[in-house]
Amino acid sequence: MPEGKGGIHMKCALITGASRGIGAAVAREFARRGWAVAVNYSKSEERANALVEELTAQGVPAMAVRADVADRVQVQEMVDNVLEKFCQLDILICNAGVSEVGLVSEIDEVRWRRIFGVNVDGVHFCCQAVLPHMIHRKAGSIVTLSSMWGQVGGSCEVAYSATKGAVIAYTKALAKEVGPSNIRVNCVAPGVIDTEMNGRLTREDLAALADETPLCRIGTPEEVARTVAFLASEEASFLTGQTLSPNGGLVV
Ligand code: NDP
């Protein structure tokens, strides 16, 4: 079990899709709060390893662990590896996600299945894999990543919106099911955040989105990370089944 300065036991978090973007910011925020972190990635091995090196250099117990969250077998192996190294898993952040932009008439079945595979099956496989451990300990906290489009629907993002709406419903239902085991499950549904996921947007698109936002700007991964860390932490000890939306007021 990882120990911090003075031999104090550290809480352990597994963050999916932590090689970059919001997930990497969450890993840094958790490390800053004194938690050991497992950094999941699918393709970006170098970036995941660089993040782990950065955190390890700060004295934070950290490990990189590869798994495609859409693959149940890989997810189970990932959780087994993390439990082998950390012996305990206190927090799961289901952050890994992909987006799809295009007219609903143009989404082919392969892309439709893939986005549901990563964004919905991925959340389910990760929760299923960690829950036996958390239920056994009668302790744990899970945070899922939805999107404001999962709350209100986005034009030309029908598949993405449908997956993110499913994540909110999944979170609410699971919170009710595992609450009696003292496990909290909450959701973060961000607005427009400055990451590679929005790399296809032009400077003009981003300026227009900022203009529409009451706080007059798009958000940062660090702002989402602080919301995730709050929900996962003891500061939110009576919150479960909730969705918090760091979105600058764009959706209220
Ligand atoms: P990025 O595209 O910047 O990063 C996505 C991360 O997910 C990467 O670390 C990537 O890892 C990982 N990932 C993708 N597919 C898989 C997979 N099959 N298995 C494991 N990991 C995978 O996205 P963001 O950081 O912007 O988004 C993070 C989450 O926040 C997503 O769920 C997204 O839907 C949500 N969100 C983002 C918003 C935004 O405006 N950016 C707004 C609202 C919600 P790798 O490179 O190794 O494949």
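Rule-based calculations on the coordinates, nothing more; no lab input. What you are looking at is a predicted structure, and each value in this text was computed from that prediction instead of being measured. Cβ placement follows ideal geometry from the backbone for every residue including glycine, while neighbour counts extend to all protein chains displayed.
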Problem - Verdict on Ala210 being surrounded by 15 or more Cβ atoms within 10 Å (Cβ to Cβ), among the aliphatic types (A, V, I, L, M) and in contact with a helix residue (DSSP H, G or I) (Cβ under 7 Å, 6 or more places away or on another chain) - result: no
Exercise for the section: Quickly run through the range 115-150 and pick out the residues that are surrounded by fewer than 17 Cβ atoms within 10 Å (Cβ to Cβ) and either touching a Lys or Arg at 6+ places or on another chain (Cβ under 9 Å) or within 18 Å of Leu244 (Cβ to Cβ) (or both). Expected result: Gln128
Completion exercise
Only one of (1) within 13 Å of the ligand (Cβ to nearest atom); (2) polar (S, T, N, Q); (3) in a helix (DSSP H, G or I) does not apply to Ser19, and that is (3)
Completion exercise
For the range 164-207 the number of residues that are touching a Leu at 6+ places or on another chain (Cβ under 9 Å), more than 12 Å from the ligand (Cβ to nearest atom) and among the aliphatic types (A, V, I, L, M) is 4
Problem - Test: residue in the range 49-72 that is surrounded by 15 or more Cβ atoms within 10 Å (Cβ to Cβ), closer than 20 Å to Asp121 by Cβ, more than 10 Å from the ligand (Cβ to nearest atom) and not hydrophobic (A, V, I, L, M, F, W, C) - result: yes
Completion exercise
Condition set in contact with a strand residue (DSSP E or B) (Cβ under 6 Å, 6 or more places away or on another chain) and either exposed (fewer than 13 other Cβ atoms within 10 Å of the Cβ) or not aliphatic (A, V, I, L, M) (or both), scope the range 154-189, selection farthest from Leu250 (Cα to Cα): answer is Arg184
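Just the residues that are assigned to a helix (DSSP H, G or I) and near the ligand (Cβ under 6 Å from one of its atoms), please, taken from the range 22-45.
Taking the range 22-45 as the starting set, the residues that turn out to be assigned to a helix (DSSP H, G or I) are 22-32, 45.
Ile22, Gly23 - these are the residues of the range 22-45 that are assigned to a helix (DSSP H, G or I) and near the ligand (Cβ under 6 Å from one of its atoms).
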